[in-house]
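Scroll down for the structure; my scribbles are underneath it.
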Amino acid sequence: MVTSLLMVLGLGAVDPASLDGVRLAGRWFEAPVRRAVRAAADRLADPACARLLASFHDGSGRPLAARLDRLSLDAPSYARTVLFYDGSDERPCRKPRVHAFTVPGSRVVRVCPELGRAALSEPSFAEAVVIHELLHTLGLPESPPTSESITAAVEKHCGL
């Protein structure tokens with residue numbers, strides 16, 4: 001699916017693994033966030049990590065993996081289609097310990113500078129945050145489960 005999309009876009013010779021949806025327009029945290037997004041996508045290629053998508057459900061009770069099936073994407077390919085935009089000027093980024101945010105089911109994640117700092121100092125934690133947000137983009141609501149329990153499950157399943 002990703003390869004056919006690349007062909008339509010005229011990018012057939014591009015390695016799909018080199019692409020990502022990071023759109024931070026030269027912000028200081030663009031490069032570290034890009035590394036975290038790509039590393040998170042690579043982690044999702046591990047079957048143990050990808051099983052996380054079967055253990056969480058969307059607001060309708062369907063496993064998140066079912067959404068990927070409907071999109072005909074595997075977890076790493078999906079991770080590269082999610083768009084990561086700067087959320088620095090938005091209210092959630094002004095709160096302590098907020099690294100990124102999205103709305104369940106949206107394909108857009110807003111990134112706070114805090115994620116860039118984490119990606120520089122704690123790369124594994126930044127990857128966990130990216131995967132956490134990817135789960136929300138697939139429809140996972142928060143509270144319940146709590147933000148902390150989502151990240152803990154990501155760390156456990158994905159070896160972070």
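The values are calculated or read from the model by the stated rules, or taken from the named source; none is laboratory data. Fair warning: this is a prediction, and the values are worked out from it, not measured in the lab. A quick note on method: Cβ atoms are made from the backbone with ideal geometry, for glycine too, and the neighbour counts reach across all protein chains shown. Note: accessible area is taken over every heavy atom of the protein model, side chains too, but ligands, DNA and RNA are not part of it. Shrake-Rupley method; radii C 1.70, N 1.55, O 1.52, S 1.80 Å.
With respect to the conditions (1) in contact with a helix residue (DSSP H, G or I) (Cβ under 6 Å, 6 or more places away or on another chain); (2) surrounded by fewer than 18 Cβ atoms within 10 Å (Cβ to Cβ); (3) part of a helix (DSSP H, G or I), residue 132 lacks only one, and its number is (2).
For region 64-82, filtered to residues that are farther than 14 Å from residue 35 by Cα and not in a helix (DSSP H, G or I), the residue that is farthest from the chain's Cα centre (by Cα) is 72. Remark: pairs (first residue in region 145-160, farther than 13 Å from residue 46 by Cβ; second residue open to solvent by 50 Å² or more (accessible area, probe 1.4 Å) and of a type in the set (Asp, Glu); Cβ separation under 9 Å; 6+ apart in sequence or on different chains) = 150/142.
Of all residues assigned to region 43-57, at least one qualifies as being in a loop (DSSP other than H, G, I, E, B), charged (D, E, K, R) and either open to solvent by 60 Å² or more (accessible area, probe 1.4 Å) or modelled with pLDDT under 95 (or both). Does residue 61 count as free of Cβ contacts under 8 Å to residues at least 40 places away in the same chain, buried (at least 20 other Cβ atoms within 10 Å of the Cβ) and more than 17 Å from residue 154 (Cβ to Cβ)? When the stated conditions are applied, residue 61 does not pass them.
Considering only residues in region 91-116 that are open to solvent by 80 Å² or more (accessible area, probe 1.4 Å) and under 19 Å from residue 23 (Cβ atoms), the one that is nearest to the chain's Cα centre (by Cα) turns out to be 107. Filtered by the rule that a residue be at pLDDT 60 or above and either surrounded by 14 or more Cβ atoms within 10 Å (Cβ to Cβ) or of a type in the set (Asp, Glu) (or both), region 2-22 gives 19, 20, 21, 22. Is it the case that residue 121 is open to solvent by 20 Å² or more (accessible area, probe 1.4 Å), of a type outside the set (Asp, Glu) and out of contact with any helix residue (DSSP H, G or I) (no Cβ under 9 Å at 6 or more places or on another chain)? It is true that residue 121 is open to solvent by 20 Å² or more (accessible area, probe 1.4 Å), of a type outside the set (Asp, Glu) and out of contact with any helix residue (DSSP H, G or I) (no Cβ under 9 Å at 6 or more places or on another chain). Return the pair list, or none, for Cβ contacts closer than 9 Å from residues in region 30-53 that are over 22 Å from residue 110 (Cβ atoms) to residues that are assigned to a loop (DSSP other than H, G, I, E, B) and open to solvent by 40 Å² or more (accessible area, probe 1.4 Å), at least 6 apart or on different chains. Partner pairs satisfying both residue conditions: 45/74; 46/159; 48/159; 49/159; 49/160; 50/74.
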